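> Can you read through this structure? Questions will come right after.
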Amino acid sequence: MKTYSYSRIGAYENCPFQFKLRYIDRIKPDTEGIEAFMGSRVHESLEKLYRDKMMAKDPQLDELIDFYDVNWEKKFHDGVLVIRKDYTSDNYKEIGRNCLEGYYRRYYPFEQAKTIALEMRIEVPLPDSEFKFIGFIDRVDQRENGTYEIHDYKTSSTLPYQSEIDQDKQLALYQLGIEPLWNDISDVDLVWHYLKFDKEFRSKRNRITLEMLKEEIVKKIYEIETAESFEPKESALCNWCGYQDLCPSKKHAFKVADLPPDAFIEEDGVRLVNRFIELKNQKKKLEEEESRLKDAIYRYALREGVDVINGSEYRLRIKISKKPEYPSKSRDEERYNELVNLLKSSGIWEEVSVFNSNKLVKLLDTKQIDDTVANSIKTFEEIVEYRRIYPSRLKDDES
Ligand code: SF4
């Protein structure tokens, strides 16, 4: 049975190309962001804290911080990247320590509930499919009143709204994973610890939501399984992506990032882009000037009452004419529809409407045309390569 984790589904949603490299081509990135590195160290420290507690050992704060510091040094490697230029790895190390201290002081002596499992692997078979969902729960507790709690530690820098917590799918899926395992589960709390903010969020899921969630996940997995292309999807997350050297959208920036200024300006790609933009700007200026000049010529022709103006080697004939126009869909949809209905009812529509190839492609792509008809239409299809260049300004964080 093929397995899907929450991070696997999330990777596809964030960037299909990254998903392909990681989960289909199975390429391991050489780098990891410092935030993820710090998150792992905090997670393993909290795991140790609760393991000590389970072993009847009173967890001590200085021991916890020592454990964190030692692992930080032992596991730190050259591929850990600090993306935010104003901060160093020591800043992040300190943030991790603060997270642990805050958590320790808030919950000591950690007797809010009994810990049942740590870093627990769960599996959820998904209905009518050959897939199952898998995940690892940071901690499962049970309170004295019998309520189970699924705990998740977060070291992220943004605090979610309660409404987002109430929509979160990851812990709801974990609930589906633990429910079949123990007979006394009737009530489950989902608990998030946003450690940087010393905040705890709680939420519950009802049966209908959980069943709908399974269907939603199956649908998403089928979308991934049947995907035909895995295009790069650029976002702020690219800065933390370990595949920039392989990604068509980031490879060039990666290649030139460390070039000294002289070599950068002479690099072939950089030169081509700079020249292209230079010409585009010149063209824009010329077009603006041409437009102003045309206005001046029309005004001159009207003022002088002439329709031909002579220059040194050329002459210009000026034609000013008027022709009727009818509403277009983009300008006035209501009037356009009225007109179309009139033309259709008068039997003129066929004569004046134009075949729209783009619309046909869209109907075929979204499977809105019956298969037999679609197959017949496809016999007329010819694949034509279009080339387009879209300039955009580099954002500060990309330069
Ligand atoms: S750099 Fe950005 S666009 Fe490229 S693979 Fe990574 S996340 Fe996707």
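The values are calculated or read from the model by the stated rules, or taken from the named source; none is laboratory data. Note that the coordinates shown come from a computational prediction; the quantities given were computed from them, not determined experimentally. When we count neighbours, we look across all protein chains shown, and the Cβ atoms used for this are built from the backbone with ideal geometry, even at glycine. We work out accessible area using only protein heavy atoms, side chains counted, and drop any ligands, DNA or RNA first. Shrake-Rupley method; radii C 1.70, N 1.55, O 1.52, S 1.80 Å.
> Provide a single number: the residues in the range 25-73 that are free of Cβ contacts under 8 Å to residues at least 12 places away in the same chain, within 28 Å of residue 140 (Cβ to Cβ) and basic (Lys, Arg).
So the answer is 1.
> Restrict the check to the range 16-32 and report whether at least one residue is away from the ligand (no atom under 12 Å from the Cβ) and either open to solvent by less than 20 Å² (accessible area, probe 1.4 Å) or in contact with a Pro (Cβ under 6 Å, 6 or more places away or on another chain) (or both).
No.
> Whether any residue in the range 199-213 is closer than 13 Å to residue 168 by Cβ, touching a residue at least 40 places away in the same chain (Cβ under 8 Å) and assigned to a helix (DSSP H, G or I) is what I want to check.
Yes: the range 199-213 contains one or more residues that are closer than 13 Å to residue 168 by Cβ, touching a residue at least 40 places away in the same chain (Cβ under 8 Å) and assigned to a helix (DSSP H, G or I).
> Name the single residue, out of those in the range 210-254 being open to solvent by less than 30 Å² (accessible area, probe 1.4 Å) and away from the ligand (no atom under 16 Å from the Cβ), that is farthest from residue 14 (Cα to Cα). Break it down into steps so the answer makes sense when it comes.
First pass over the range 210-254, keeping only residues open to solvent by less than 30 Å² (accessible area, probe 1.4 Å): 210, 213, 217-218, 221, 224, 227, 238, 241-243, 247, 250.
Then drop every residue that is not away from the ligand (no atom under 16 Å from the Cβ), which leaves 210, 213, 217-218, 221.
Values: 210: 23, 213: 19, 217: 16, 218: 18, 221: 14 Å.
Within the range 210-254, the match that is farthest from residue 14 (Cα to Cα) is 210.
> Here's a follow-up. Among the residues of the range 325-354, which ones are assigned to a loop (DSSP other than H, G, I, E, B) and either touching a strand residue (DSSP E or B) at 6+ places or on another chain (Cβ under 9 Å) or open to solvent by less than 90 Å² (accessible area, probe 1.4 Å) (or both)?
Within the range 325-354, 327, 328, 332, 346, 347, 348, 353 qualify.
> Checking the conditions here, which among 97, 139 is basic (Lys, Arg) and open to solvent by less than 30 Å² (accessible area, probe 1.4 Å)?
Checking each option against the conditions leaves just 139.
> Quick one: which of 50, 6, 68 is at pLDDT below 95, surrounded by 14 or more Cβ atoms within 10 Å (Cβ to Cβ) and more than 13 Å from the ligand (Cβ to nearest atom)?
6
> Could you run through the range 142-187 and say how many residues are among the β-branched types (Val, Ile, Thr), in contact with a helix residue (DSSP H, G or I) (Cβ under 8 Å, 6 or more places away or on another chain) and open to solvent by 10 Å² or more (accessible area, probe 1.4 Å)?
Number satisfying all stated conditions: 2.
> A further question follows. Kindly list, by first and then second residue, each pair from a residue in the range 241-252 that is under 14 Å from residue 29 (Cβ atoms) to a residue that is more than 8 Å from the ligand (Cβ to nearest atom), limited to pairs with Cβ atoms under 6 Å and residues at least 6 apart or on different chains.
Correct list of pairs: 242/29; 242/31; 243/29; 244/254; 245/254.
> What tally of residues in the range 359-399 results from selecting those that are over 22 Å from residue 276 (Cβ atoms) and free of Cβ contacts under 8 Å to residues at least 24 places away in the same chain?
Counting residues in the range 359-399 that are over 22 Å from residue 276 (Cβ atoms) and free of Cβ contacts under 8 Å to residues at least 24 places away in the same chain gives 26.
> Go through the residues of the range 304-324 one by one and say whether even a single one is assigned to a helix (DSSP H, G or I) and at pLDDT 95 or above.
Taking every residue of the range 304-324 in turn, at least one turns out to be assigned to a helix (DSSP H, G or I) and at pLDDT 95 or above.
> Here's something else I'd like to know. Could you figure out which of (1) under 30 Å from residue 273 (Cα atoms); (2) aliphatic (A, V, I, L, M); (3) in the same structural domain as residue 273 (by TED's automatic domain parsing) isn't true of residue 308?
It fails just one condition, (1).
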